[in-house]
1. Summing +1 for each Lys or Arg and -1 for each Asp or Glu, what net charge is found among the other residues whose Cβ lies under 12 Å from the Cβ of T51?
2. Helix-only estimate, please: 222 nm mean residue ellipticity of the chain, summing -39500 (n - 2.57) across DSSP H runs of length 4 or more and dividing by its residues, to the nearest 500.
3. Provide T130, T51 in ascending order of the number of other Cβ atoms located within 10 Å of each residue's Cβ, fewest first.
4. Under 8 Å for C-alpha pairs, at least 6 residues apart: give me the relative contact order for the chain, rounded to a whole percent.
5. Taking 1 over the mean of 1/r across every pair of different Cα atoms in the chain, what Kirkwood radius in Å do you get?
6. Quick one: order L169, L80, L161 by neighbouring beta-carbon count within 10 Å, fewest to most.
7. With angles folded into 0 to 90 degrees, how steeply does helix 56-69 sit against the dominant principal axis of the chain? Use alpha carbons for both and round to 10.
8. Relative to the longest principal axis of the C-alpha atoms of the chain, give the angle of the C-alpha long axis of helix 12-28, reported between 0 and 90° and rounded to the nearest 10°.
Amino acid sequence: MQRTFIAFKCKDEQEILIKELIAQGQNIYKNDISWTNPENIHFTFQFIGDTKDSDLPIISDYLKNLAQICRPFSLFDCNLKWYPFKNSPLICLMYRFHNSFLIKQHHLLNNFLKDLEYPIEDRHLNFHLTLARLKKNFDSEQIIWNDQLIQMLINIEIDKLIYYKSTLLPQGPTYECISAYDLKGGQNVHR
């Protein structure tokens, strides 16, 4: 069994800006915040969880077909949010999107995974980028952000679909790519 999830990645030049934003935060707030490893930057599309090894190629084939019909798309109007998550709130960039095609594909993917007998939660599709986890006693309002970098990240172009294996370690999760696909389809993904 492998712990897996499906995610999108943004264009390389925008990922560099995200890594720069995280690096600046790490330099200022060393002990109070657990920052996202720059290699783990992604926009989750669907978390699967424990996955049978025999299903990895089946899911990869499904994603390959999805990438062939889905062209790159935009996320826009990001807002910095404090997202409550158990005892460790997240600092996220939350994005809006208007993409009925992608919402439909998310539902179809959920149905496909349910047919493979995975317990998938039917959640509202949202796109967020986790920058960090706050420690319990840290006042998140004290964080000073580089507004210029955030403005450069207000719109993001998504151009890759990645299938990841996630390994939970004491120092945080590590992600390994199972399969990766460029979005190159011709479907109109906007309303």
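Coordinate-derived values only; no laboratory data. What you are looking at is a predicted structure, and each value in this text was computed from that prediction instead of being measured. Here the Cβ is made from the backbone with ideal geometry for all residues, glycine too, and neighbour counts use every protein chain on show.
1. Numbers: positive: R3, K52, K165; negative: D50, D53, D55, E117.
Surrounding charge for T51 is -1.
2. Details: 4 runs with 53 residues, N = 191.
Result for the chain, helices only: -9000 deg cm²/dmol.
3. On the way: T130 18, T51 21.
Sorted ascending by nearby Cβ count, the order is T130, T51.
4. Working: 337 pairs, mean separation 70.9, N = 191.
Across the chain, relative contact order equals 37 percent.
5. Numbers: mean 1/r = 0.0570 Å⁻¹.
It works out to 17.5 Å.
6. Working: L169 7, L80 15, L161 20.
Exposure proxy ranking, most exposed first: L169, L80, L161.
7. 90 degrees
8. That works out to roughly 30 degrees.
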